[in-house]
Amino acid sequence: MSRVKIARNLLSERLGEVRPSAAIILGSGCGLELDRVHWSLTASNIPGFIAPSVAGHSGHVTSGVFANYEVLLMQGRVHYYEGVSTDRVTFQVRLIHELGIKNIILVSAAGGIRATLNSGEIMLVEGHICAQPLTATNKGRSVYDALWRERVIAACGGLPVSSGVYVWTIGPSYETPAEIVAFERRGGDAVGMSLVPEAMEASALDMHVLGATIITNGAAGLHEQELNHEDVLRAAKAARTNLADVLAKALIQAPQSYRT
Ligand code: HPA
């Protein structure tokens, strides 16, 4: 039996009758406090799961309730730059799909390229550009669910939320100022090292994908200061209230037809 099916069997046994409305994968420093927790497993207790090795990724899978919806929360992810295969990077997505969950919310941190994006804001991903080759499947269609995203944007009036194009880089180094200028000219609004491989896998599996990226810093060259992971984690943590508000809207606004 494949690793993903072994993990699926374990989690579906733990879920029992519970049918999560959505799965949420959280990235660097991002946190979400659930209203109720049914159970929580560490990555090392789930066969096939790789415990994330990067600071700020706790590696827990939690079943619980948020904003009155059942959710499956995955805290932490692995990145390409950790030297693993595409299969490993997308393992969580395939596991979520195997569990029959159709709605997936991918949360990451990113540097803001668009001048009007401030630290702490959330950008819902409307499209992406890969700065490096990425092995993935795409049927030539948009990866991110436009209906769901537009409903969330409409419901987020007053919150610091917008939509835009995410540029994916393999990392782990930050970009140079010249790269950021080039990305901006190509239509990028924010830049990050995650989210896209998972979004592409989920889309190829016909899931409904909402990408939400927390702007944790101005991209390279936009401000005086140098970039580092600790500042990114701090900024992501500071944006937790905004993130919780947006995720609540996201759960409420998932179209009814996506819930079956
Ligand atoms: N670049 C790439 N990834 C990031 C950044 C950035 O500026 N900030 C948070 N993740």
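Rounded to the nearest whole Hz, the Karplus-based 3J(HN,Hα) values (6.51 cos²θ - 1.76 cosθ + 1.60, θ = phi - 60°) of region 14-23 follow the sequence 5, 5, x, 7, 5, 10, x, 6, 7, 10, with x at glycine and proline.
Summing Cβ point charges (Lys, Arg +1; Asp, Glu -1) relative to the Cα centre of region 134-241 gives a dipole of roughly 340 debye.
Let me spell out the model: positive unit charges on the Cβ of Lys and Arg, negative unit charges on the Cβ of Asp and Glu, origin at the Cα centre of the chain. What dipole size does that give, in debye rounded to 20?
With only Lys, Arg, Asp and Glu charged at Cβ, the dipole is about 680 debye.
Farthest toward the positive end of the dipole of region 187-260, out of Ala212, Val232, Ser257, is the Cα of Ser257, where the dipole comes from beta carbon charges about the Cα centre.
Taking 7 Å steps out from each Cα toward its Cβ at Arg36 and Thr137 produces label points 3.7 nm apart. Sorting 142-148, 220-226, 207-213, 10-16 by their mean Cβ neighbour count within 10 Å, with the most densely packed peptide first, gives 207-213, 142-148, 10-16, 220-226. Grouping the Cα pair distances of the chain into 10 Å bins from zero gives a pair-distance distribution of 7, 33, 39, 18, 3, 0 percent in increasing distance order.
On C-alpha positions alone, give me the angle between the axis of helix 240-253 and the longest principal axis of the chain, in degrees, nearest 10. Tilt relative to the chain: about 60 degrees.
With a simple spin-label model that places each label point 7 Å from the Cα along the Cα-to-Cβ direction, the separation between Thr176 and Lys237 comes to 3.3 nm. Relative to its residue count, region 127-260 spans a Cα convex hull of 124 Å³ per residue.
Overall size of region 185-260 from C-alpha positions, given as principal axis extents largest first: 49, 30, 21 Å.
Mind ranking 25-35, 82-92, 188-198 by how tightly packed they are, going by the mean number of other C-beta atoms within 10 angstrom, highest first?
For the peptides 25-35, 82-92, 188-198, the packing ranking is 188-198, 25-35, 82-92.
The label point for Ser85 and the one for Asp206, both projected 7 Å from the Cα toward the Cβ, are 2.6 nm apart.
Amide H to amide H distances under 5 Å link Ile129 with Tyr166, Val167, Trp168, where only residues 5 or more positions off or on other chains count and H is placed in the peptide plane. Listed by chain and number, the lysines placed with their C-alpha closer than 26 angstrom to that of Lys139 are Lys5, Lys102; residues fewer than eight positions away on the same chain are left out. Summing Cβ point charges (Lys, Arg +1; Asp, Glu -1) relative to the Cα centre of region 62-187 gives a dipole of roughly 260 debye. Annotation for region 109-179: trypsin sites (Lys or Arg not before Pro) lying in DSSP loop with at most 12 further Cβ atoms inside 10 Å of their Cβ are Lys139, Arg141.
Please report Rg over Rh for region 56-210, where both radii come from the alpha carbon positions and Rh follows the Kirkwood definition. Across region 56-210, the Cα-based Rg/Rh ratio is 0.94. Divided by 2.2 N^0.38 Å, where N counts the residues, the Cα radius of gyration of region 119-185 comes to 1.31. The Rg/Rh ratio for region 21-124 is 0.97, where Rg is the radius of gyration of the alpha carbons and Rh is the Kirkwood radius.
Throughout, read-outs are computed from the coordinates displayed, never taken from laboratory work. Just so you know, these numbers come straight off a predicted model, no measurement behind them. We place every Cβ from the backbone using ideal geometry, glycine too, and count neighbours over all the protein chains shown.
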